[in-house]
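No lab work stands behind these numbers, since they all come straight from the coordinates. Predicted model only: the values in this text are computed from it and were never measured. Here the Cβ is made from the backbone with ideal geometry for all residues, glycine too, and neighbour counts use every protein chain on show.
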Amino acid sequence: MILRTEGYQKIAYAENGADAVARVREHAPDLVFMDVEMPVMDGMTAVREIRGLPRVTDHTPWIIGLSANVWRDTVERARAAGMNDYLSKPLRREEVSAAIRHRLRSH
């Protein structure tokens with residue numbers, strides 16, 4: 001909902017980590033918001049799978065982890081798995097917008 005109210009139109013959803021990997025494989029998105037805790041395949045495993053995919057474009061997606069767990073070791077594991085950024089839940093519009101701006105500056 002935050003992304004839609006910010007004017008983003010091309011938004012795809014995944015029900016679980018395995019579905020997220022398949023969608024990245026299919027659509028090669030610029031940005032992925034990845035929940036850390038998901039059924040079937042958790043977000044950390046999904047990110048490692050995505051980082052292991054052959055590059056189909058000239059870039060790899062920027063992945064922002066999402067979780068209510070902001071313990072330092074969890075955030076460090078998320079970054080080690082390949083997440084570029086990490087936001088805590090509940091998400092706030094300002095933080096999502098700042099994370100997107102950070103991605104744009106890094107591109």
Jot down the radius of gyration and Dmax of the chain, Cα atoms only, both in angstrom.
13.0, 34
Could you sort the peptides 66-75, 44-53 by per-residue average Cβ neighbour count (10 Å cutoff), highest mean leading?
44-53, 66-75
Do me a favour and compute the ellipsoid semi-axes for region 1-59 from its Cα gyration tensor, root of five times each eigenvalue, largest one first, whole Å.
19, 16, 9
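Multiply the residue gap between Val40 and Ala98 by 0.36 nm, knock off their C-alpha separation, and tell me the result in nm, one decimal place.
Length gained between Val40 and Ala98: 17.9 nm.
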When ranked by the protection proxy of mean other Cβ atoms within 10 Å per residue, highest first, what sequence do the peptides 22-35, 87-100 form?
22-35, 87-100
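Once the piece of chain linking Arg79 and Ile11 is laid out straight, how much longer is it, given 0.36 nm per residue of separation minus the C-alpha distance between them?
Answer, rounded to one decimal: 22.1 nm.
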Whole-Å distance linking the alpha carbon centroid of region 8-30 with that of region 38-107 is 13
Gained length - Val70 relative to Glu26, 0.36 nm times residue gap less alpha-carbon distance
12.8 nm
